[in-house]
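Notes for the one structure printed next.
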Amino acid sequence: MVGYSLLLIVILSLVAYYVGRSSAKRFAGGAGSEKIHSLPGYHGAFIAVWVGIPAFVLVLLWASFQGATLDNLVLASLPSGFTEGKSPAELNLALSEIRNLASGRTFGTPAPEIQLAAERLVSWQNIASWAMLVVAATLMILVLVFARTRIAPRFRARNSVEHVLSGLMIFCSVVAILTTVGIIVSLLYESIAFFRLVPITEFLFGLKWEPQIALRPDQIAGAGAFGAVPVFAGTLLISAIALIVAIPIGLFTAIYLVEYADDRVRNVVKPIMEILAGIPTVVFGFFAVLTVAPAIREAGGLLGVVTSPNSALAAGFVMGIMIIPFISSLSDDALRAVPRSMRDGSLAMGATASETMTRVLLPAALPGIMGGILLAASRAIGETMIVVMAAGLIATLTINPMDSVTTVTVQIVSMLIGDTSFDSPKTLAAFALGLVLFIVTLGLNVLALQIVKKYREQYE
Amino acid sequence: MSETALTGPVDWTSENAVGRRRSRHAANRRLQFYGIAAISTAIGLLGLLITTLVIGGYPAFLQTKITLDFPIKAEYVDAADPAAGNYRNVVRDALLQIAPEATTPPQQRMLGQLLTNNTQFFVRDAVVANPSVIGGTLTLTVPAADPIDQLNKGLIDRTLPENQRRVNDVQLGFYDRLVEAGQVSAPFNWALFFNSDSRFPELAGLAGAITGSFYALLICFLISFPVGIAAAIYLEEFAPRNRWTYLIEVNINNLAAVPSIVFGLLGLAVFIQLFGIPRSAPLAGGMVLALMTLPTMIIVTRNALKAVPPSIREGALGVGASKHQVIMHHVLPLSLPGILTGTIIGLAQALGETAPLLLVGMNAFITSPPGGFLEASTALPTQIFIWADSPERGFTSRTSAGILVLLGFLIVMNGIAIFLRQRLERRW
């Protein structure tokens, strides 16, 4: 029904446009007519935006809140004998059973109350969606008639349309802020619910992470299952391995491209780095599982080191490969931003290319490179698919790269995959981890951008 | 002037000077060598990645099939209701033709394991489509079971001892007989593109995932394209330089670097929990992807707008156009090629995104393509993730094949973007 409503909006807006334009043309075209302020098309657009936009907003709001409202109504309509003494979780279960039944999926024979409620829900859904269509159509026709009366030769239709357009554009640029606010609010909301169950000090400083045992709410009081230190440590270990792999390769690549390579080499290497940067992370994850982890395991076996099948080294190494293009392109930018006069001066004094690089360009570009490395670190910490596929699930507090460790992102995914209910501490813990992840990566990004910006100003 | 005077002319040919020069040049060559080594390592790793994928994935583009004559006896299949026939027996009879000695149940079971588990349904569908074969024989080519498929592709070593091999000696004998009779073929695996997910590797395909990804990307495009352009136009052309617009800009830059999984958490909490969009729906996935692509869209659009020379704006303003008219009639059309290029690249990134889709549940096991934006579905990258997690050997090559298909889509999209950039972008 939403689809039909949107179609109706489009059709009526087009109708409105032609109505407005033709009536404006009538007084624009006549001989000896008044001078017209706006072109006829703007009169059409004026009516069309006022017909279309409010109805569009109405339909969107209606569609987003219809489900929740109907759920509440259905719950309220259940006979009190049925709902009495039931916990919210049980009521939720009943509600989803009603919803399933209403959409035609039956499992076993439902209770008569549920059956009745499902029938009610179906009829209400029908009524609601028809009502939406009718209300939207009525609204549009009323607006059309009203806006039509505003059209006059001296009416400033263009200014009015442009105002609406400006408003729309401002709204669109605020979407980015709304997204950030949405992220912060949703993470905080669920995290605060989590910290009511598990004290925040325990979460941040506890050394034991065993969310699996806390399946039932009465178990969370059990000894310190939500201490996230091992998870943070695992994240740092894998990110550190990734950076150890990526920094030398990326940095030396950038140095070579800036100082030694001719255009021919650069034209080959740069696209290859872009390809590397464009490979989806799930592909790297599969590569880690299929190729790198067994290879590392075998190598570990040859050296007599006990190697876990999902070692931190495998995940970190592959993550490092993923970050190489990131570091190389940011270092490349930083090295190129050093004024040419400094480089030429050094070369003119008889310094070799390597001396110019290590004594002049690198020190000058160091802040930019550091900024790039920080951005890469934030990327490594937030990277998900590689570690979900190649790292372990069990949180161990270790710095041995041959051991299996887990990361923040792995824990978030493993806790939220599958059906989740929003009242178990396990689910809420994922949001708390997400909050930490968001704050840390945001901090790193802000810091990095600040460094890069300051450094850029220095040379401009 | 330097205070320290040189004691005499420098002898550049002295042993010391030559040695110093030599070591300095050696250092130079060393740095150059490190650079070459780094680049070769990076390229080598990329090559290794792609080689393993191609070697692992190409077998999945072929599917071993077995052609058999199925005797459709009237005692098993009633002409009045062909859909309800006992096709299990039909399949058994057909298999007994190649191995008449298989009379005990265990032997017959081994025989049955040559073909895909769903063979009886293939036969049923063929009979229902053409009921005239009842009483006669039906020649049908059906996919072989996964172990036989692997064996035919040479991925199972038949010299291994029997207990380390997924095909036992008896089945090996049956298989050899089929090969001798010319009943085994390996045509191109169209099922990879036209089937949806399945528990059996030989039947699993990407159709559902591709459809799901298409719907999600469509939503992503419908939201992020207009919103991104509008926001970019406002920020680039209209916004006053004040604290608010600075805040918005910083915000957009930071949003571009927020880990994708955090967007998944947002989608789960807001779109699914608050708005009640069904789990696994491409609508939810597409909306999350749209929010993720939005910063990219805004940034590329702003760059495209910046590239339009101010003379165009001034010319249009000079002949009396309003600011809006300047942008709508001149600046935007001129920057459209750049915007489109950026859009395609943004969508290509969105196509490869996996983590946020996992959180909104697009990793469900779904055996038919979604029929709409609200039906549960998977997406290409999540399908790859599901297959990568499956224990069956056959899914390993399917995973690689799925990745190759995904990379193929990405190459095509980026190719279109490069083509557009070269063809349409105007240099001023």
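No value in this document is a laboratory result; all are computed from the given coordinates. What you see is a predicted model, and the numbers here were worked out from it, not measured in a lab. Neighbour counts are summed over all protein chains in view; Cβ atoms, including those assigned to glycine, are modelled from backbone coordinates with ideal geometry.
On a C-alpha basis, how far is the centre of the range A:319-372 from the centre of the range A:248-315 in Å? Whole number, if you could? Computed from Cα coordinates, the inter-centre distance equals 22 Å. Per residue, chain A reaches -25000 deg cm²/dmol at 222 nm when only DSSP H runs of four or more residues are counted, each adding -39500 (n - 2.57).
With N counted as the residues of chain B, its alpha-carbon radius of gyration over 2.2 N^0.38 Å works out to 1.44. Dividing the Cα radius of gyration of the range B:367-419 by 2.2 N^0.38 Å, with N the residue count, gives 1.37.
Against chain B, whose longest principal axis comes from its Cα atoms, helix B:15-57 is set at around 30 degrees. Counts of other chain beta carbons within 10 angstrom of each beta carbon in peptide A:160-172 average 5. For peptide B:42-52, the mean count of partner chain Cβ atoms within 10 Å of a residue's Cβ comes to 6.
Think of the range A:229-459 as having a plus end and a minus end, set by charges on the Cβ of Lys, Arg, Asp and Glu; of A:Gly320, A:Ser341, A:Tyr455, A:Ser341 sits farthest toward the positive end of this dipole.
The convex hull around the C-alpha trace of the range B:207-424, projected and averaged over every direction, spans 13.7 square nanometres. Counted over the range A:229-459 with a bin width of 5 Å, the fraction of Cα pairs per bin, in whole percents, is 1, 7, 13, 15, 16, 14, 12, 9, 6, 4, 2, 1, 0, 0, 0.
Residues A:Thr356, A:Thr384, arranged from fewest to most other Cβ atoms within 10 angstrom of their Cβ, appear as A:Thr356, A:Thr384. Pairs with C-alpha atoms separated by more than 32 Å, drawn from the list A:Lys86/A:Lys208; A:Lys270/B:Lys306; A:Lys270/B:Lys153; A:Lys426/A:Lys454; A:Lys208/A:Lys453; A:Lys270/A:Lys454, are A:Lys86/A:Lys208; A:Lys270/B:Lys153; A:Lys426/A:Lys454; A:Lys208/A:Lys453. Over the protein assembly as shown, all Cα pairs binned in 10 Å intervals from 0 give whole-percent P(r) values of 2, 9, 16, 20, 19, 15, 10, 5, 2, 1, 0, 0, listed from short to long. Cβ-to-Cβ counts within 10 Å put B:Thr137, B:Thr13, A:Thr180 in ascending order as B:Thr13, B:Thr137, A:Thr180, the fewest first. Dividing the convex hull volume of the alpha-carbon atoms in the range A:2-155 by its residue count gives 107 Å³ per residue. With neighbour counts taken as other beta-carbon atoms within 10 Å, the residues A:Met342, A:Met169 rank, fewest first, as A:Met342, A:Met169. For chain B, the longest principal axis of the C-alpha atoms and the axis of helix B:282-307 are separated by about 30°. Based on alpha-carbon atoms, the Kirkwood radius and the radius of gyration of the range B:120-261 give Rg/Rh equal to 1.31. The GNM of chain B, with springs linking C-alpha atoms under 10 angstrom apart, assigns the highest mean-square fluctuation among B:Thr141, B:Thr67, B:Thr103 to B:Thr103.
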